[in-house]
Structure formats: structure tokens, C-alpha cells
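Structure first, commentary second.
The values are calculated or read from the model by the stated rules, or taken from the named source; none is laboratory data. Given the structure is predicted, the values throughout are model-derived calculations rather than measurements. In this analysis, Cβ positions are derived from the backbone assuming ideal geometry, glycine residues included, and neighbour counts consider all displayed protein chains.
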Amino acid sequence: MAAYSFFVPFEDSFPYYNTDVRGLSRMRMRKKKNLDVRFAACADVMAFEPKEKRGKWRALFGNDNPIHLEIGCGKGRFAIGMAEQHPDVNFIAVEREEGALIMAAERCQQQPLPNLRFVSFDAAELCEVFAPGEVDRIYLNFSDPWPPNRQRKRRLTWRAYLEVYDEILRQQGDLCFKTDNQRFFEWSLQEICQFGWLIQNISLDLHNSDFEGNVMTEYEEKFSAEGYRIYRLEARRRLPEFLKK
């Protein structure tokens, strides 16, 4: 598929809208009981003390395979499905909400995958967990859209986060982004383009496209069943200077 790089209108140019109550309620879960004991029982699929593994993630997996990182893995359906489909890729699934993470870990613990580890930390700490160039691909699936005027800096496609991704991704690394929120998708397109990354493989209706190998998240299945379109894009790291001229 051809690669594209273009701008879309700022979301602020539209009247204020409800950013998506579905998005704002994501991952607001009650604290689960006995988390320490339950996480210990899932040691085979967990990666504890992630900052100590900075620059050493491939050693954890015992191979030199690419590292793909999902930020905000929820209950783990996507990460588990991808790890099953791609045994030659190492997957690290990050979720700061421990109530969701324990559900993902326990789900995977039933049949552990050697190429998947779950870990809990905040996305703001990515540079403390991964060395420059250590990650090959990042997945952002149905991230919280957050209100664009008041809390845009919390969006995982905000330029400050893009700067972090730019540091931990390898030279030809890329970002894959999926959402059901059209305005969030348009805003993210502009943010990524202005950051200088190359946008490619855009889908404005993923489930009615020719894209192959899609693994759905829990939210994706729910929203799609309710009739919402799923939007997807891939973005490659900064263009070489000679291509920017």
C-alpha cells in the first residue's frame, strides 16, 4: 500500500464534542484482591522490575528477535493473539492498571508463551525501561482519547510521547495505532505528521478493508459489534533530512 503524509484540521476547529464516554471510562477498574499473590503465581509470563531490564530485554527472551511493545494492553487479548501468530517476535505488553493486568497475566498463564511478557509501569517511564533503539514496533490500541482542549497532553499520540517513542525505537521502527474515535484519529494524524514521521497504511474502516492479520482487542470487538468504524494507521520514524526538503 502506498505511503501518505498529509495534514488534517485541528480538532479544536470543530465545536466541542463529547470526546467519547466509552474512552473516558476505559480501565477504571476496582482494585482486585490478593494482587501480590496472584502476580507471583504468574511469574512465568510477567517481567518484574522492568527498569532493571533496560537494554537487556532480548536477554530475557534468550534470543535476538525483534521486540514489539503494546502500550495499554488491557486484558491481554491482542498481545496473546499476536504472540501466538508471530512466534519469531518478542512481545512486551504494558498495562499500568493492575486490575486489568492480572486478568491478562492469568489468561496467558493457562498456556504460557515464551515470546510474551506482561509488565506494569506508566508510559511516561518508557525511557527508563528501554534503551535507545531497543524496540522495533509500538502498538497503541484504543488508547484513552482524553478531552482535546483540557487534557490533550495525556493522549499517547501527543508530541511529548512521540519524542519518547522516537528515542526507544530503532532507526526504521514504527508505530501502529488503532481507535474507534474518528476525531482522535484525525488529531493523531496531524500530530504525527507535524512530528515528521511518515504515515502509511491508513484505514478508515479496518474491518471492511483488505488488511490481513488483524487481531482484535476486547474494546475493538465490542465497538465493532455496536457499529463503530475502526481506524488504523502505521507511522514510521522521522524522515531522513534529505527527504524533508
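Looking at (1) under 29 Å from N34 (Cβ atoms); (2) in contact with a helix residue (DSSP H, G or I) (Cβ under 7 Å, 6 or more places away or on another chain); (3) crowded, with 16+ Cβ neighbours inside 10 Å, which one does E97 not meet, given that it meets all the others?
Failed condition: (2).
Would you please name the residue that is surrounded by the most Cβ atoms within 10 Å (Cβ to Cβ), looking only at residues in the stretch 71-86 that are without any contact (Cβ under 8 Å) to a residue 40 or more places away in the chain and under 22 Å from E97 (Cβ atoms)? Before you say what the answer is, go through the steps one by one.
Taking the stretch 71-86 as the starting set, the residues that turn out to be without any contact (Cβ under 8 Å) to a residue 40 or more places away in the chain are 79-80, 83-84, 86.
Okay, now just the ones that are also under 22 Å from E97 (Cβ atoms), so 79-80, 83.
Details: A79: 30, I80: 23, A83: 23.
Only one residue fits best here, namely A79.
Just wondering, is there one or more residues in the stretch 66-78 that are in a helix (DSSP H, G or I) and either touching a His at 6+ places or on another chain (Cβ under 6 Å) or not acidic (D, E) (or both)? I'd like the intermediate steps shown before the answer.
Pass one, the stretch 66-78, residues in a helix (DSSP H, G or I): 77-78.
Filter once more, so that each one left must be either touching a His at 6+ places or on another chain (Cβ under 6 Å) or not acidic (D, E) (or both): 77-78.
Looking for residues that are in a helix (DSSP H, G or I) and either touching a His at 6+ places or on another chain (Cβ under 6 Å) or not acidic (D, E) (or both), one finds at least one in the stretch 66-78, hence yes.
Would the stretch 98-114 turn up any residue that is touching a residue at least 40 places away in the same chain (Cβ under 8 Å) and assigned to a strand (DSSP E or B)?
no
Among the residues of the stretch 61-70, write down those that are buried (at least 23 other Cβ atoms within 10 Å of the Cβ) and over 18 Å from Q171 (Cα atoms).
E70 - this is the single residue of the stretch 61-70 that is buried (at least 23 other Cβ atoms within 10 Å of the Cβ) and over 18 Å from Q171 (Cα atoms).
Return the residue satisfying two criteria in turn: it lies in the stretch 33-53 and is surrounded by 15 or more Cβ atoms within 10 Å (Cβ to Cβ) and among the basic types (K, R), and of such residues it is modelled with the lowest pLDDT.
The qualifying residue modelled with the lowest pLDDT is R38.
Do we have L243 as in contact with a Gly (Cβ under 8 Å, 6 or more places away or on another chain), modelled with pLDDT under 95 and surrounded by fewer than 18 Cβ atoms within 10 Å (Cβ to Cβ) here? Step through it out loud before you land on a result.
Numbers: in contact with a Gly (Cβ under 8 Å, 6 or more places away or on another chain): no; modelled with pLDDT under 95: yes; surrounded by fewer than 18 Cβ atoms within 10 Å (Cβ to Cβ): yes.
Against the criterion (in contact with a Gly (Cβ under 8 Å, 6 or more places away or on another chain), modelled with pLDDT under 95 and surrounded by fewer than 18 Cβ atoms within 10 Å (Cβ to Cβ)), L243 does not qualify.
Filter the stretch 57-70 down to the residues that are of a type in the set (A, V, I, L, M) and free of Cβ contacts under 8 Å to residues at least 12 places away in the same chain and list them by number. Spell out the reasoning first.
First, the residues of the stretch 57-70 that are of a type in the set (A, V, I, L, M): 59-60, 67, 69.
Correct list: A59 only.
Please indicate, with yes or no, whether at least one residue in the stretch 47-54 is of a type in the set (A, V, I, L, M), over 29 Å from F184 (Cα atoms) and touching a residue at least 60 places away in the same chain (Cβ under 8 Å).
Yes, the stretch 47-54 contains at least one residue that is of a type in the set (A, V, I, L, M), over 29 Å from F184 (Cα atoms) and touching a residue at least 60 places away in the same chain (Cβ under 8 Å).
Tell me yes or no: at least one residue of the stretch 146-155 is within 18 Å of the chain's Cα centre (by Cα) and at pLDDT 95 or above. Working first, answer last.
At the first step, the residues of the stretch 146-155 found to be within 18 Å of the chain's Cα centre (by Cα) are 146, 152-155.
Okay, now just the ones that are also at pLDDT 95 or above, so 155.
The answer is yes; a qualifying residue exists.
What single numbered condition from (1) of a type outside the set (A, V, I, L, M, F, W, C); (2) loosely packed, with under 15 Cβ neighbours inside 10 Å; (3) under 18 Å from the mean Cα position of the chain (by Cα) fails to hold for Y219?
Just one mismatch for Y219, condition (2).
Those residues that are outside any helix (DSSP H, G or I) and over 18 Å from the mean Cα position of the chain (by Cα), I need them from the stretch 47-65; list them, please.
We begin by selecting, within the stretch 47-65, every residue outside any helix (DSSP H, G or I); these are 47-49, 54-56, 62-65.
Within the stretch 47-65, F48, E49, R54, G55, K56, G62, N63, D64, N65 meet the criteria.
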